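First the structure, which I've put down as structure tokens, then a few questions once you've had a look.
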Amino acid sequence: MNLVCYPSYCAGALVCDLMNNKTSKIGNGPVDNPESNFFKINCIGVYVQKVYDRKQWDKIFNTYNSIEWSKNSWVGTHVHPSAIHNLHLFDKVINITDIKKISKLYRFLRLVNIEESFKDDRYMPSLIKQLKDTFFDHSSCINIEFDDIVHGRFVSDFNLNLKHFENWKSKNPWLYNMDEYLVSKFNKMFEEN
């Protein structure tokens, strides 16, 4: 079994789809992919998740690792790889990072456009403070910056399904035609926090 570790709103479901050679339905931004949810345990906010229920994790791991179809499958989690106690038991691990400010902006734009209520100015300072918590590289992983996913470099580097990626792009138009008001709010608050 293979694992995709990713911060929320950083296209982890798309990556699971692409790596599994699937074309799940894409709604208003998110990909409806069950594999990307396998190891989402105790997700709270958009901070980097480093705490999770290990008993629940082990139960899920043991169940799916014993099923033949899961052997080469890619499944997802919001837990950072540095916190995963049995990371070495996965065959391969992709870690989607948001080290660059542009990746954090893309993440912010996905969040506020998928979850419209976060466009309210009351929530933005707290949201941007949480987004400053970075999903860093990990030495045991294939590290991919979110910016490389948004711009298609990940798809071309790994020779993945370009048509599915183009469909995802069409469902995430705010990443390519950015709302200047939201960009300026992000930049201003990012510098202040």
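The values are calculated or read from the model by the stated rules, or taken from the named source; none is laboratory data. These numbers were taken from a predicted model, which means no experiment stands behind them. Using ideal geometry, Cβ is built from the backbone for each residue, glycine included, and neighbour counts are taken over all protein chains shown.
Being charged (D, E, K, R) and touching a helix residue (DSSP H, G or I) at 6+ places or on another chain (Cβ under 7 Å) is the filter here; which residues of the range 83-100 pass it?
In the first step, residues of the range 83-100 are kept if they are charged (D, E, K, R); the result is 91-92, 98, 100.
If the condition is that a residue be charged (D, E, K, R) and touching a helix residue (DSSP H, G or I) at 6+ places or on another chain (Cβ under 7 Å), then D98, K100 are the ones that fit.
Looking only at the range 56-114, how many residues end up being farther than 13 Å from C10 by Cβ and of a type outside the set (K, R)? Before the answer, list the steps.
Just the residues of the range 56-114 that are farther than 13 Å from C10 by Cβ, to begin with: 56-75, 79, 81-93, 101, 112-113.
Then keep just the ones that are of a type outside the set (K, R); that gives 56-58, 60-70, 72-75, 79, 81-91, 93, 112-113.
The total comes to 33.
Additional query: Looking at this structure, is N172 modelled with pLDDT of 95 or more, at positive phi and not hydroxyl-bearing (S, T, Y)?
Details: modelled with pLDDT of 95 or more: yes; at positive phi: no; not hydroxyl-bearing (S, T, Y): yes.
Criteria not met by N172.
Got a number for residues in the range 73-126 being crowded, with 19+ Cβ neighbours inside 10 Å, within 22 Å of K50 (Cα to Cα) and polar (S, T, N, Q)?
Number satisfying all stated conditions: 4.
Return the total of residues in the range 15-40 being part of a loop (DSSP other than H, G, I, E, B), more than 18 Å from K92 (Cβ to Cβ), under 14 Å from the mean Cα position of the chain (by Cα) and modelled with pLDDT under 90.
Kept after step one, since they are part of a loop (DSSP other than H, G, I, E, B), are these residues of the range 15-40: 20-25, 27-30, 32-33, 38-40.
From what's left, more than 18 Å from K92 (Cβ to Cβ): 23-25, 27-30, 32, 40.
If we keep only those that are under 14 Å from the mean Cα position of the chain (by Cα) as well, we get 29-30, 32, 40.
Adding the requirement that they be modelled with pLDDT under 90 leaves 29-30, 40.
Number of matching residues: 3.
So, one more: If Y64 satisfies every condition in (1) surrounded by 15 or more Cβ atoms within 10 Å (Cβ to Cβ); (2) touching a Leu at 6+ places or on another chain (Cβ under 8 Å) but one, which is the exception?
It is condition (2) that Y64 fails.
Can you run down the residue pairs with Cβ atoms below 8 Å, 6 or more apart or on separate chains, where the first is in the range 126-137 and farther than 13 Å from L111 by Cβ and the partner is modelled with pLDDT of 85 or more and of a type in the set (S, T, N, Q)?
T134/T97; F135/N95; F135/T97; F136/S82; F136/T97; D137/N95; D137/T97; D137/N143
Kindly evaluate N28 against the criterion of being of a type outside the set (A, V, I, L, M, F, W, C), in contact (Cβ under 8 Å) with a residue 60 or more places away in the chain and out of contact with any Cys (no Cβ under 6 Å at 6 or more places or on another chain).
Working: of a type outside the set (A, V, I, L, M, F, W, C): yes; in contact (Cβ under 8 Å) with a residue 60 or more places away in the chain: yes; out of contact with any Cys (no Cβ under 6 Å at 6 or more places or on another chain): yes.
Taking the combined requirement at face value, the residue satisfies it.
Next up: Of the numbered conditions (1) surrounded by 16 or more Cβ atoms within 10 Å (Cβ to Cβ); (2) farther than 22 Å from N20 by Cβ; (3) of a type in the set (F, W, Y); (4) within 14 Å of the chain's Cα centre (by Cα), F186 satisfies every one except a single condition; which is it?
(4)
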